[in-house]
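Beneath this line is the structure, given in structure tokens, with notes to follow.
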Amino acid sequence: MATKIDKEACRTAYNLVRDDGSAVIWVTFKYDGSTIVPGEQGAEYQDFIQQCTDDVRLFAFVRVTTGDAMSKRSKFALITWIGENVSGLQRAKTGTDKTLVKEVVQNFAKEFVISDRKELEEDFIKSELKKAGGANYDAQTE
């Protein structure tokens, strides 16, 4: 059965993360049968990591604040999580299903495909987003 996406519900969740006035910094998009729907959301990155278990595949849109003493800015990441126990067929479908998610999640600095929990660490994601962000003035002294 072909995978579908609930665009309206997913777009609402996506916009919540993009809103700087919102405390929500991450949202997951999960499978409900053959439909991709918004999953959990939250204000703490560690709570997001708890969603990424070995038997699940999901997509996540995450806001990370980067910058230096002179300016702070939000950077966004699209993360595809594929747990170690996900079957080969489901792994393969995840790649094609991501195109549906990208119809909603259109603005992000970097995309990640992760199946190793170590790569989910906030510091790793943040450093990768910094690299994707261009100029980095952190090394300068105030």
In the set Gly39, Gly21, the lone residue that is under 23 Å from Glu119 (Cα atoms) and free of Cβ contacts under 8 Å to residues at least 40 places away in the same chain is Gly39
Would region 124-132 turn up any residue that is under 20 Å from Val56 (Cα atoms) and not β-branched (Val, Ile, Thr)? no
Could you list all residues from region 1-59 that are surrounded by fewer than 13 Cβ atoms within 10 Å (Cβ to Cβ), more than 22 Å from Leu100 (Cβ to Cβ) and among the small types (Gly, Ala, Ser)? Gly21, Ala23, Ala43
Yes or no: region 24-41 includes at least one residue that is under 25 Å from Thr65 (Cα atoms) and in a loop (DSSP other than H, G, I, E, B). yes
Region 60-72: number of residues that are surrounded by 13 or more Cβ atoms within 10 Å (Cβ to Cβ) and out of contact with any helix residue (DSSP H, G or I) (no Cβ under 7 Å at 6 or more places or on another chain): 2
Among the residues of region 8-25, are any among the acidic types (Asp, Glu) and either under 15 Å from Phe108 (Cα atoms) or modelled with pLDDT under 95 (or both)? yes
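Here is a yes/no grid of residues against (1) touching an Asp or Glu at 6+ places or on another chain (Cβ under 7 Å); (2) within 25 Å of Lys130 (Cβ to Cβ); (3) β-branched (Val, Ile, Thr):
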{"position": "Ser22", "(1), (2), (3)": "no, yes, no"}
{"position": "Ser34", "(1), (2), (3)": "no, no, no"}
{"position": "Glu40", "(1), (2), (3)": "no, no, no"}
{"position": "Phe48", "(1), (2), (3)": "no, yes, no"}
{"position": "Asp55", "(1), (2), (3)": "no, no, no"}
{"position": "Phe59", "(1), (2), (3)": "no, yes, no"}
{"position": "Met70", "(1), (2), (3)": "no, yes, no"}
{"position": "Ser74", "(1), (2), (3)": "yes, yes, no"}
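Could you say whether any residue in region 56-64 is at pLDDT below 95 and part of a strand (DSSP E or B)?
Yes: one or more hits.
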Residue match in region 79-102 (condition: assigned to a strand (DSSP E or B) and hydroxyl-bearing (Ser, Thr, Tyr)): yes
If a residue must be open to solvent by less than 70 Å² (accessible area, probe 1.4 Å), part of a loop (DSSP other than H, G, I, E, B) and in contact (Cβ under 8 Å) with a residue 60 or more places away in the chain, how many such residues does region 103-132 contain? 1
Would you point out which residue out of Thr66, Thr53, Thr28 is hydroxyl-bearing (Ser, Thr, Tyr) and touching a residue at least 60 places away in the same chain (Cβ under 8 Å)? Thr66
Check Thr99 against each of (1) polar (S, T, N, Q); (2) open to solvent by 30 Å² or more (accessible area, probe 1.4 Å); (3) at pLDDT below 95 and name the one condition it does not meet. (3)
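The values are calculated or read from the model by the stated rules, or taken from the named source; none is laboratory data. Remember, it's a predicted structure, so these values are computed and weren't measured experimentally. Glycine gets a Cβ as well: all are built from the backbone with ideal geometry, and neighbour counts include every protein chain shown. Each accessible area value is taken on the protein alone, full model and side chains, heavy atoms only, with ligands, DNA and RNA left out. Shrake-Rupley method; radii C 1.70, N 1.55, O 1.52, S 1.80 Å.
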